[in-house]
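Here the structure comes first, spelled out in structure tokens, and everything after it is commentary.
Just so you know, all these numbers are worked out from the coordinates, no wet-lab data involved. Predicted model, so just to flag it, every value in this text is computed and none were measured. Quick reminder, even Gly has a Cβ in these numbers, built from the backbone with ideal geometry, and neighbours come from all protein chains shown.
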Amino acid sequence: MKNLFYKIQALRKQLIIWLFEHSQRIYTSLFKNHESWNITKEDLLNLPQPSFGRHLGEFLDKNNFELIPKVERHDCYHVLCGYSTDVEDEIALQCLCYGNGKRSPYLYGAIILGVAILPDYYKYYYKSYRTGKRAHPFHHFDYRKLLNVSIKDFREAIFSKTELHNITHIAS
């Protein structure tokens, strides 16, 4: 019975991955009018080690990603908050951003569908929402201008010591 649960859960995760992949292009073309950063992963990896940008480059490299034009900020959220790219972490990150005050059609869709399709992680999503609620607002920053900032200083400016401990534990 437990094995069946995990198989069904894996199918639900695959559904969410498929939805993310297909909705991302549509959302970017319809709702994102600003210019892309035109920065490569290699540019980021050449930044100094303690910088936020270097950590972003390492995150991209570890996951075999490049920055997605016009939605570069999303990967910045992953790095700042310490969330992986696992499906449940993607949804939890959206919950954290919602708690922090971010609002967008994509965020609403990700949270609603994510919680509906993967309710098994509800406590995790709620904890992430509370973390975002307690953090200083960060969703509105121009992250391109913050690439040279120390990631340690950046996180300390956003999160309390307790939350910072949880985030650096996740990010390690």
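Taking trypsin sites (Lys or Arg not before Pro) across segment 72-123, the ones in a DSSP loop with at most 10 further Cβ atoms lying within 10 angstrom of their Cβ are ARG103. A cut-off under 11 angstrom between Cβ atoms defines the neighbours of ILE17, and their net charge, with Lys, Arg +1 and Asp, Glu -1, is -1.
When VAL87, VAL71 are ordered from fewest to most other Cβ atoms inside 10 Å of their Cβ, what list results? Write down the numbers at each step before the final one.
Numbers: VAL87 21, VAL71 16.
The order, fewest Cβ neighbours first, is VAL71, VAL87.
Between HIS140, HIS78, HIS55, the Gaussian network model of the chain with springs among Cα atoms under 10 angstrom shows the greatest mean-square fluctuation at HIS140.
Kirkwood analysis of the chain, using all unique Cα-Cα pairs, places the hydrodynamic radius at 16.8 Å.
Suppose every K and R has +1 on its Cβ and every D and E has -1 on its Cβ; what is the size of the dipole of segment 25-172 about the Cα centre, in Debye to the nearest 20? Please report the intermediate quantities before stating the final value.
Details: 19 positive and 17 negative charges, 117 e Å.
Using Cβ point charges on Lys, Arg, Asp and Glu, segment 25-172 gives about 560 debye.
Under 5 Å between amide hydrogens, built in the peptide plane, is the criterion, and for SER150 it picks out PHE52 among residues at least 5 positions away or on other chains. Using the rule -39500 (n - 2.57) for each DSSP H run of four or more residues, divided by the residues of the chain, the 222 nm mean residue ellipticity is -21000 deg cm²/dmol.
Ranking ILE8, ILE17, ILE151, ILE39 by Cβ neighbours within 10 Å, fewest first, what do you get?
Numbers: ILE8 10, ILE17 13, ILE151 20, ILE39 17.
In increasing order of surrounding Cβ atoms, one gets ILE8, ILE17, ILE39, ILE151.
Among the GluC sites (Glu not before Pro) within segment 59-117, which fall in a DSSP loop and have no more than 15 other Cβ atoms within 10 Å of their own Cβ? Kindly include the intermediate steps, with their values, before the conclusion.
Numbers: sites: GLU66, GLU72, GLU88, GLU90; in loops: GLU66.
Here the GluC sites (Glu not before Pro) that fit, given the DSSP loop and packing criteria, are GLU66.
Note on the chain: GNM, Cα springs under 10 Å; of GLY109, GLY99, GLY132, the largest mean-square fluctuation is that of GLY109.
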